[in-house]
Amino acid sequence: MTPPPPQPAPPGPNPAADAAADPRPGPGPLVVLFGATAGALGPDLGSDETDLILLVWQVVEPRSRQVGTLHKSLVRAEAAALSPQCREASGLSADSLARAEPLDKVLQQFSQLVSGDVALLGGGPYMLCTDGQQLLRQVLHPEASRKNLVLPDTFFSFYDLRREFHVQHPSASPARDLTVATMAQDLGLETDATEDDFGVWEVKTMVAVILHLLDGPSGQLFSKPEVVKQKYETGPCSKANVVDSETVVRARGLPWQSSDQDVARFFKGLNIARGGVALCLNAQGRRNGEALIRFVDSEQRDLALQRHKHHMGVRYIEVYKATGEEFVKIAGGTSLEVARFLSREDQVILRLRGLPFSAGPADVLGFLGPECPVTGGADGLLFVRHPDGRPTGDAFALFACEELAQAALRRHKGMLGKRYIELFRSTAAEVQQVLNRYASGPLLPTLTAPLLPIPFPLAAGTGRDCVRLRGLPYTATIEDILSFLGEAAADIRPHGVHMVLNQQGRPSGDAFIQMTSAERALAAAQRCHKKAMKERYVEVVPCSTEEMSRVLMGGTLGRSGMSPPPCKLPCLSPPAYATFQATPTLIPTETAALYPSSALLPAARVPAAPSPVAYYPGPATQLYMNYTAYYPSPPVSPTTVGYLTTPPAALASAPTSVLSQPGALVRMQQGVPYTAGMKDLLSVFQAYQLAPDDYTSLMPVGDPPRTVLQAPKEWVCL
């Protein structure tokens, strides 16, 4: 029997047949998406770190020119307060947002509704289309990261309608300056001016613009989607690389324990270049809370600058422009050993600090254990060494995944021999910085020549003729202190104001004042104690010159008593130099009489030739203009310096009976490497004038007896 002929299809739209018959097969379905936050709108969308409150979308089938149902959904915001701009434009209230669904529920509804609409229009994979990049890059991805939400894969690629419009109309305004209204106006489209539902007009107009562009002559539309990187890629950077300065920013205020992955998460939604996060280190090789970030293009950099003062946890992060030279200086390297170490991709880097100098690869692998194997075994370890090959106690290790790195981090402060080992997350840029610092820098930093002399010693004594000011504002100056003391300022000795600085060279809030007598000091304390200075009350208590001197040299003075400075030699008390003769051209008689004669060293040096006369610059002889430079010093910096050299004119007119300078004592503490030798120590003082016998004047202090192979931790230069 002959089968019956096939029946013709019923009349009506057939999307599959229309797509097959269409000579211009366009892209798959497009989901036109619009969103708003509780804060800024337009080009500043997402710049104020406010939550998403609205999503409006509609599906468009480009090949059949059909559109789906328009959907609108409110999103519950954690901070329900609306900005005046948002309240006026949207007409929403805090009550309506409080009844809305949270973001994760709205995203689930979005996926279900979009899938249903796409199936009705013919099916196939769909792509998002937005007006600009702010909605996805600056709002959805950062907020999902803050709330620990996992976005579907569809949110990691999208079409930017502004760029697609600019492809077909290159003579129009730049893509970043376009808006939905200007695009519709340039195309001559008629829009519904009566539509007042916030977000609905924007989506309808975007759909009209898309359909008009699809009818145009260009065949390149909707062919190159924008991509949001799902994961930050680590990698090395060479000093030979040229980095565009328009792609680099500096982030400041990062937590000390933050890693490159934490920084990448802060900039979630923006595309960071491979190996583009460089954490900055301070002079001691520790992170200083700053990072340089390199993005793939200038547009990503401009979006990153809008995250200025966004938060990482409870800390706000400052974001500024930086240069390509700064990035290469921090992240670049030339070592082949480092290049080979970092050549393995997708590895997690950990830094080990505090290793014994005798530790080798087998010791480190045994310390980590079989539960967290290092990638490549011994080849996955990089030991940091000095230029002469001596170990520094630092090493880097590679791990294949985050789980193994987490297992290794549990060994933080575990014991290897008699030492505990610190483990931290690290980056490729940190590896480069640490290796570059040890490969090129000296063991000890070189100090510059002193800019200000210390012209007078501190007179020793046990009488309580001084006062201590405690709780000063950090911005307080000498003038502020004189104004605070009032009439008592007339009883201050010449050069008797001594500011105490901390180890970073910043004001500590303490100061010492030398008064003319113990009675004047007591009267000043009684008159000014707990008096206010710049909205802070200041404690004023009497103390002795000896107590003041010990604090200025690094000791402490508390309510429980006085602790000496960290020194075990009697010669390290505050220095006292020989008295100057009362010569009008140098120092006034009444000033010189305040400082009794006291030699710094018991044995005087015999100069080979007449020494220059100690000179005190004329402008500094004015009362109160020079205050002390004695303060607890930072590591490897001297606590005292000598006098400036006498100008020739003053030397010619000075009498020959003026005593020469007996020498200065410098103590180096808390930071001198155990491996430092005589040459390294002398290189620190290359900017200073040294006595002929200074090479034999280095003596170790403060340590128990050592073997010949061990070097002392502290040195004194005489």
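FYI, it's all coordinate maths here, none of it is from the lab. Here the structure is a predicted model, which means the values were calculated and not measured. Reconstructed Cβ throughout: ideal geometry from the backbone, glycine too, with neighbour counts over all protein chains shown.
Rounded to the nearest 0.05, what FRET efficiency do Val150 and His311 give with R0 = 25 Å and r taken as the Cβ-Cβ distance? Could you check? Present the calculation step by step, with values, prior to reporting the outcome.
Working: r = 21 Å, r/R0 = 0.84.
Given R0 = 25 Å and the Cβ-Cβ separation, E is 0.75.
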Within-14-Å neighbourhood charge of Thr375 [Cβ basis; K, R +1; D, E -1]: -3
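How large is the direction-averaged shadow of the alpha-carbon convex hull of segment 102-196, in nm²?
Numbers: hull surface 32.9 nm².
Dividing the Cα hull surface by four gives the mean projection, 8.2 nm².
Once fully extended, how much extra length lies between Ala193 and Ala94, figured as 0.36 nm per residue of separation less the alpha-carbon to alpha-carbon distance? Don't skip to the end; give the middle numbers.
Details: separation 99, 0.36 × 99 = 35.64 nm, distance 2.69 nm.
Result for the pair: 32.9 nm of gain on full extension.
Calculate the FRET efficiency for Ser173 and Ser358 from the Cβ-Cβ distance with a Förster distance of 51 Å, rounded to the nearest 0.05. Present the calculation step by step, with values, prior to reporting the outcome.
Numbers: r = 67 Å, r/R0 = 1.32.
After rounding, the FRET efficiency stands at 0.15.
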Simple spin-label model, 7 Å along Cα-to-Cβ: Arg527 to Asp48 in nm? 5.4 nm
Label points 7 Å out from Cα along the Cβ direction at Lys224 and Asn502: separation in nm? 5.2 nm
Candidate aspartates and glutamates - alpha carbon under 12 Å from Lys534, same-chain residues fewer than 8 apart omitted: Asp480
Which whole-Hz ³J(HN,Hα) couplings does segment 493-501 yield from phi under the Karplus relation 6.51 cos²θ - 1.76 cosθ + 1.60, θ = phi - 60°, glycine and proline marked x? 5, x, 6, x, 9, 10, 7, 9, 10
I want to check the label-to-label distance for Gln257 and Asp346. Put each point 7 Å from Cα in the C-beta direction and report it in nm to one decimal. 2.8 nm
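Restricting attention to segment 370-413, which trypsin sites (Lys or Arg not before Pro) occupy a DSSP loop and are surrounded by at most 16 other Cβ atoms within 10 Å? Spell out each step's value before the answer.
Numbers: sites: Arg385, Arg410, Arg411, Lys413; in loops: Arg410, Arg411, Lys413.
Of the trypsin sites (Lys or Arg not before Pro), the ones in loops of segment 370-413 whose Cβ has at most 16 other Cβ atoms within 10 Å are Arg410, Lys413.
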Can you list the residues, at least 5 places off or on another chain, whose amide H is less than 5 Å from the amide H of Glu226, using H built in the peptide plane? Phe158, Tyr159, Asp160
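Please list 118-127, 543-552 highest first by mean number of surrounding beta-carbon atoms within 10 Å per residue.
Details: 118-127: 15.9, 543-552: 21.3.
Descending mean neighbour count gives 543-552, 118-127.
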